[in-house]
Amino acid sequence: MNCFDFRSLLAPYLDGDLAASDARLLERHVARCDECRHELETLRDSGVALIALRGDTASHDLRSRVLSALREAASKGGILHRRPKIRWGLPALAAAMAVASGAYICWPRHDPAGEILDRMETAVRQSRTLHMTCRWYKPTDHEKMMTQREIWRDGSTSRWDEAGGTTAILEHHGMRLIRAGQGQLPAQAVSLCRVPTLEVMLSGIVRINGVAVETEDGVSWHGTNYRALIVRDRGLDGSPLRTIFLLDPESSLPVKGEQQKQVDGRWETEGTLQFEFNQPIKPGIFSPT
């Protein structure tokens, strides 16, 4: 397993959902890996991972109860000095931690770019079929690209290929591992059949929620104008990252994406994303040999 694989285990580890053997493996890794240890500490200290932060605006009654609960916990000695027993990504608890820390979060979204991001995710969820290919430059050779991840979905059946020779078929009743290679599927992969979102599909590669987003219109690619959705984040080494999604102006579905990293003041391509929605899936995709 590499750092990419281990980072996909951080959230379930903090939730207490990781098997004991995997938890021990992760703990041994973060003990000697500064970057993964920093990522784990950042998630733990924040109190909540800002993922899937959508929903209706919290009512005044809910806000009052949240603040009352936080005040009561603080009067008993505080809860932030112990490992928080929370479910990462629940909107109400995300709101509670944001109130406590004074942080700004994206729940609900009222900015135009955030609304466009929501429309994109809604369009992805409503698509009949999808095919996504993530191609990234090899860390050891930045002149060569590899397919990091490839996903197909048709109705309630999905196929997930992860770099390192791992293939799994995902269905409502569970996951069927076809090939067990070095690559490990993110913990969120099992929810793809229930909630087909980019957040799940790009788990461990590109963060969609809890990051800055902006838009730019009239971006041309292959002679067609698109609206660009730009997601800004930082890598584990602190370097600025931006992922640019080109959206179909009519459907709001992503057509192409590219992640770039700022190096010495210039943007360098880290990887590319290719999307196809509502197109026929090739025969045999869900019956790999």
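Yes or no: Met132 in contact with a helix residue (DSSP H, G or I) (Cβ under 9 Å, 6 or more places away or on another chain), hydrophobic (A, V, I, L, M, F, W, C), modelled with pLDDT of 90 or more and in a strand (DSSP E or B)? Criteria met by Met132. Could you please find all residues in the stretch 266-289 being closer than 17 Å to Lys144 by Cα and hydroxyl-bearing (Ser, Thr, Tyr)? Selection gives Thr269, Thr272. Scanning the stretch 130-162 for residues that are among the hydrophobic types (A, V, I, L, M, F, W, C) and free of Cβ contacts under 8 Å to residues at least 24 places away in the same chain yields a count of 1.
Within the stretch 239-282, the set of residues being of a type in the set (S, T, N, Q) and in contact with a Pro (Cβ under 7 Å, 6 or more places away or on another chain) comprises Gln262 only.
Checking each residue in the stretch 257-289 for being of a type outside the set (S, T, N, Q) and under 17 Å from the mean Cα position of the chain (by Cα) picks out Gly257, Glu258, Glu270, Gly271, Leu273, Phe275. Within the stretch 135-193, work out how many residues are part of a loop (DSSP other than H, G, I, E, B), within 19 Å of the chain's Cα centre (by Cα) and more than 15 Å from Ile281 (Cβ to Cβ). So the answer is 5. Gly181 fulfils the conditions (1) closer than 25 Å to Thr147 by Cβ; (2) crowded, with 20+ Cβ neighbours inside 10 Å except for a single criterion, (2). Looking at the stretch 195-289, the strands (runs of 3 or more DSSP E) lying wholly inside it that each contain 1 or more residues that are touching a strand residue (DSSP E or B) at 6+ places or on another chain (Cβ under 9 Å), surrounded by fewer than 16 Cβ atoms within 10 Å (Cβ to Cβ) and at positive phi sit at 212-221. Taking the criterion of being of a type in the set (Lys, Arg) and touching a residue at least 60 places away in the same chain (Cβ under 8 Å), the only residue of the stretch 166-206 that qualifies is Arg179.
The values are calculated or read from the model by the stated rules, or taken from the named source; none is laboratory data. Not measured: the values here are computed from a predicted model. For neighbour counting, all protein chains shown are included, and Cβ atoms are generated from backbone atoms with ideal geometry for every residue, glycine included.
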